[in-house]
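What follows is a short report on a single structure.
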Amino acid sequence: MITLYEGGAYLVNGRELIADGPEAAQALTARTGKAVTKEDARKQTMAYGILEAHNTSGSMEKLQIRFDKLTSHDITFVGIIQTARASGLERFPVPYVLTNCHNSLCAVGGTINEDDHMFGLSCAKKYGGIYVPPHQAVIHQFAREMLAGGGKMILGSDSHTRYGALGTMAMGEGGPELVKQLLCQTYDINMPGVVGVYLTGTPAKGVGPQDVALAIIGEVFANGYVNNKVMEFIGDGVANLSADFRIGVDVMTTETTCLSSIWTTDEKIREFYDIHGRVEEYKELAPGDVAYYDGMIVVDLGAIKPMIAMPFHPSNTYTIEDVKANLADVLADVEKKALVSLDGAVEYSLQDKIRDGKLYVDQGIIAGCAGGGFENICAAADILKGRSIGADEFTLSVYPASMPVYMELVRNGAAADLMATGAVMKTAFCGPCFGAGDTPANNAFSIRHSTRNFPNREGSKLQSGQISSVALMDARSIAATAANKGYLTAATELDVEYTGKKYHFDASIYANRVFDSHGVADPDVEIRLGPNIKDWPAMSALPENLVLKVVSEIHDPVTTTDELIPSGETSSYRSNPLGLAEFALSRKDPAYVGKAKAIQKAEKARTAGEDPAEAFGELKPVLETLRKAYPDSNDGNTGYGSTIFAVKPGDGSAREQAASCQKVLGGWANIANEYATKRYRSNLINWGMVPFLIDRGELPFKNDDYLYIPGIKAAVKDKASEVTAYVINDGMKPFALHIGEMTDDEREIILKGCLINYNRR
C-alpha cells in the first residue's frame, strides 16, 4: 500500500525511480546518457524552483522568502494586525484576506466575536485588504477559489494553509510571521528537504481523499519522515485523481508535520482555474528530467482501503476493515492511549459502543477545508439518496466549505437528497474541527471528515468531567455509516452508483458580499475596537541572567498546541492577550497559570525598582543560595520568570497564542527534547522566548524547581550553541541546555524581548 525509501531517490523523466546508493550514478548515466550530480538534481524539484523564485537572500541555503499573498481567519487576524499596528503598519503591502470562519456563530462572550469581525472589515478598508464575511467560506476554500496561482506562494496564519494541488506552495505559520510580511520583512528558513510522494494506480470505488491522506499520515508521522520538509506529489497516479480529490489529500499533509506541499499540475488543474474564472493563474508544474528527493513515499492508490484515525491523533490509523475484525482489541488500545492523552482526568471507555458485535457511532460530521468540498458532499449524497439516517442517537451534519459550493449543491439536488435522509445542511464554518460546533454528548463517539481529532477538539472539557471523542474518516464512509444508521461501515461495502456531478462556480456570491479594496488603502477609516480587543502588554528585553521556575512538566510523547492553549470557546478571547492567557494549559495542567503569575510578580517588582523577594517570598531562600555562588547576580542584571518542560511540544495548530500566552504570563523559555514543528519554535522566538533543547534522558530538574541561567544574553548575542544552567536546590547543580540554530534577526528578536520590540528599534 505505502512504501518508504530508507534514503533518497532520483526521479527520471517523471516516471522512473532510482534509489540513492553506490549504483545510482551508473544507473542514471545509463538512463540519461550523461553524468548527473546530486547537487544539480536537487535543483530540478518543483519545490526548489518555487522557493528560488521567491527567495531574496541570494543564497539557496539560507532562504529569505517574500510571499505573494497572505490569509488569516477571525481568531488570528486581530492579534496579527494589532502587532503590526504597534510596529508602524501603514498599509498591506501584498493582498491580505481576512476570513471569518472560526468565530462565525457569535455565540460566546456577548458581542466580542462580531466586534472582531467589524475590526477586520475596518482594517481591510484602512490598510487595503479583502474581507470575507461570516458563513461565506472557510479560509482555505476561499483561498483555493480566489487566491491560489501556479508557482505562487501563500502564507496563512492557520496550520492547514495547503494549496499544493493547485500548484501553489503554501505554508501555515503563527501570526508573527505574517506580521513580518506586512512589514516587508522576510520568512527566514534553511533550504528544506524535499520528499517525493510517488502516486501510482487508481483509488478503488468508494475510497476518498481522506483515506489516502490518513494512510500516508499513519506511515510517516511517528518516524518524522517528512518533518519540516516539503512533500512533492508526483507519479502517474496523480493524473487519475480529480482536482477535488488532490485538494482533499493535500490539506491533510499538515498532519504529517511537513513544512509545505506541491503537486504536478495538468489539464484537470487548468480546468479548476477555468471553472473559477481564473484560468490565467494556471501554470504547468513538473520536476525536471532528473530530480533528487531526500526521501520517497510510494503510494499504490489501488491498494488503499477505507481508513479511520481513532482517537486521539490523525496518525492513530487503521483500516475500517481491521477495526471491525478486531473491534475489542482496537478499542482497548484506544483506551490505553487515552491514559496518556487524558492523564486519567476522566474515566474513558468505548466498550459501550459495541452493540451486537458492531461499533455504534453517535455522530457524523462532513465539514471544513478537508471534508466540505463539492465532490465529497456529492458522493455522500449519492450514498444516502433514498435512505434514512434513522431516529436514534446518530446525527449527521454537513458543512459545505463555501457558499458557492453550497449553492451548487442546492441547484443540482444533492443538498435536498441529504436533507431528505435526516441530515442537516449548515453554512461554511470551521467549528467542528476545533471544538466550537456540534459538540457531542458526554462519552459520545463522533466520526468526522475534518482535519484533527486531538482530545477536546470536539468541544468537551476534561476540567468539567466531560469527555467525548472523534475519529477521522472520509465523507464516503461517514455517509455509508449514516446509511447503516450509525453502525461503522466502509463505503466500499455498499454498491453505489456515483453520479459524478459537474461543478459550476457562481462568482456573484462573492461579488455581492466580499469587500475587496483591490489594494487601495484608505487611511481616513477609523478602526473599530470592541471592548475585548486589547493591546499587547509591554514586554521587557532579555536580561543578562535568568532565574526561571519550572511551572509545568509534561512527559507525553507529543504535546499539541491545543494542550498549550485550548481551542473551542477560548477562541473568543484571542483578541485579549491577558484574558486568553488565563486559559493557558488549563486542560493539561490547571495549576500552570497560578504558578506562572506568582513568579511573574517577582519580575514586575524588579522592573518597578522593588525587591523581587518581597513581592514573592518563595524566592528568598533561592536567592540566598544563588548569590553565594554568584554574588554578582543582582536585580539589575537578573530577570525572573517561568518555563515549561515538554518532550516534544507544538504539534498541530499554528496559533501563536500557544507561545504568547506563556509570554504574557512571564514565560522566558521552553525546554524540550525536540520541537514538533518549525512553526511552534518560531512562535516562541517571535515572542521573545528561548527555545531551549535538552538531551533525552533523566531530567536534572523537576516541576517547581528553580533554574539559573547565567550569561544568557551574551550566549544569544554571541551565537553560542550551548549554555550551562543550574538547578538551584541546596546547592547549584549544573546541566547543559542547547540553544539551536537561529538567524541573526531571530537572535535580535529574543534580545529585544519580542517581535514588537524588535520592530520598534
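The values are calculated or read from the model by the stated rules, or taken from the named source; none is laboratory data. Keep in mind that this is a model prediction, so the values were computed, not measured. Note: ideal-geometry Cβ built from the backbone for every residue, glycine included; neighbour counts use all protein chains shown.
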**Item:** Of all residues making up segment 370-415, the number that are under 17 Å from R476 (Cα atoms) and part of a helix (DSSP H, G or I)
**Value:** 16
**Request:** Please verify whether segment 600-617 includes one or more residues that are touching a residue at least 12 places away in the same chain (Cβ under 8 Å), of a type in the set (A, V, I, L, M, F, W, C) and farther than 14 Å from V547 by Cβ.
**Result:** no
**Prompt:** Quick one: is P203 under 20 Å from G652 (Cα atoms) and out of contact with any strand residue (DSSP E or B) (no Cβ under 9 Å at 6 or more places or on another chain)?
**Reply:** no
**Request:** Starting from residues that are assigned to a strand (DSSP E or B) and either of a type in the set (A, V, I, L, M, F, W, C) or surrounded by 23 or more Cβ atoms within 10 Å (Cβ to Cβ) (or both), keep the ones in segment 553-589 and report whichever is farthest from the chain's Cα centre (by Cα).
**Result:** I554
**Prompt:** Going through segment 400-438 one residue at a time, which ones are modelled with pLDDT under 95 and buried (at least 24 other Cβ atoms within 10 Å of the Cβ)?
**Reply:** A428, F429, C430, G431, P432, C433, F434, G435, A436
**Asked** Would a scan of segment 450-468 turn up a residue that is touching a strand residue (DSSP E or B) at 6+ places or on another chain (Cβ under 8 Å) and assigned to a strand (DSSP E or B)?
**Response** no
**Fill in**
Picked from segment 590-608 (must be assigned to a loop (DSSP other than H, G, I, E, B) and among the aliphatic types (A, V, I, L, M)), the residue nearest to the chain's Cα centre (by Cα) is A591
**Request:** Considering only segment 2-83, give the helices (runs of 4 or more DSSP H) lying wholly within it that have at least 1 residues that are hydroxyl-bearing (S, T, Y) and buried (at least 16 other Cβ atoms within 10 Å of the Cβ).
**Result:** 46-54
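Among the listed residues A471, A401, identify the single one that is more than 28 Å from Q351 (Cβ to Cβ) and within 23 Å of the chain's Cα centre (by Cα). Working first, answer last.
Working: A471 fails: more than 28 Å from Q351 (Cβ to Cβ).
Within the list A471, A401, the selection yields A401.
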**Complete:** Out of (1) at pLDDT 95 or above; (2) over 24 Å from L619 (Cβ atoms); (3) in a loop (DSSP other than H, G, I, E, B), the one L684 does not meet is (3)
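Table: residues versus (1) under 26 Å from D20 (Cβ atoms); (2) assigned to a loop (DSSP other than H, G, I, E, B); (3) in contact (Cβ under 8 Å) with a residue 12 or more places away in the chain; (4) among the aromatic types (F, W, Y).
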position	(1), (2), (3), (4)
D211	no, no, yes, no
V226	yes, yes, yes, no
I247	no, no, yes, no
T265	no, yes, yes, no
K268	no, no, yes, no
E280	no, no, no, no
G302	no, no, yes, no
I308	no, no, yes, no
**Request:** Could you tell me whether V520 is in contact (Cβ under 8 Å) with a residue 40 or more places away in the chain and in the same structural domain as G711 (by TED's automatic domain parsing)?
**Result:** no
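Would you check if there is a residue in segment 339-356 being in contact with a Lys or Arg (Cβ under 7 Å, 6 or more places away or on another chain), surrounded by fewer than 21 Cβ atoms within 10 Å (Cβ to Cβ) and charged (D, E, K, R)? Spell out the reasoning first.
Keep residues of segment 339-356 that are in contact with a Lys or Arg (Cβ under 7 Å, 6 or more places away or on another chain), which gives none.
Checking segment 339-356: not a single residue is in contact with a Lys or Arg (Cβ under 7 Å, 6 or more places away or on another chain), surrounded by fewer than 21 Cβ atoms within 10 Å (Cβ to Cβ) and charged (D, E, K, R).
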**Asked** What number of residues within segment 505-519 are assigned to a loop (DSSP other than H, G, I, E, B), out of contact with any Lys or Arg (no Cβ under 9 Å at 6 or more places or on another chain) and on the phi < 0 side of the Ramachandran plot?
**Response** 3
**Fill in**
The number of residues in segment 559-595 that are hydrophobic (A, V, I, L, M, F, W, C) and farther than 26 Å from I467 by Cβ is 1
**Prompt:** Restricting attention to segment 333-355, which residues are under 29 Å from the mean Cα position of the chain (by Cα) and assigned to a helix (DSSP H, G or I)?
**Reply:** D333, V334, E335, K336, K337, A338, L339, V340, S341
**Asked** Of these, G639, G650, which one is assigned to a strand (DSSP E or B), of a type outside the set (V, I, T), in contact (Cβ under 8 Å) with a residue 24 or more places away in the chain and over 18 Å from L542 (Cβ atoms)?
**Response** G650
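Can you name every residue in segment 466-477 that is under 29 Å from R587 (Cα atoms) and not small (G, A, S)?
Going through segment 466-477, the residues under 29 Å from R587 (Cα atoms) turn out to be 466-474.
The answer is Q466, I467, V470, L472, M473, D474.
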**Request:** Kindly indicate which of A391, A379 is crowded, with 21+ Cβ neighbours inside 10 Å, under 30 Å from M419 (Cα atoms), touching a Gly at 6+ places or on another chain (Cβ under 9 Å) and of a type in the set (A, V, I, L, M).
**Result:** A379
**Item:** Residue tally, condition at positive phi and surrounded by fewer than 24 Cβ atoms within 10 Å (Cβ to Cβ), over segment 667-719
**Value:** 4
**Request:** Run V94 past the list (1) assigned to a loop (DSSP other than H, G, I, E, B); (2) crowded, with 22+ Cβ neighbours inside 10 Å and report the number of the one that doesn't hold.
**Result:** (2)
**Test: T625 is of a type in the set (V, I, T), modelled with pLDDT of 90 or more and surrounded by fewer than 21 Cβ atoms within 10 Å (Cβ to Cβ)** = yes
**Prompt:** For segment 505-547, which residues satisfy the criterion of being farther than 22 Å from T83 by Cα and among the β-branched types (V, I, T)?
**Reply:** I509, V514, V547
**Message:** If I filter segment 517-528 for residues that are within 29 Å of V323 (Cβ to Cβ), surrounded by 17 or more Cβ atoms within 10 Å (Cβ to Cβ) and either small (G, A, S) or touching a helix residue (DSSP H, G or I) at 6+ places or on another chain (Cβ under 9 Å) (or both), do I get at least one hit?
**Reply:** no
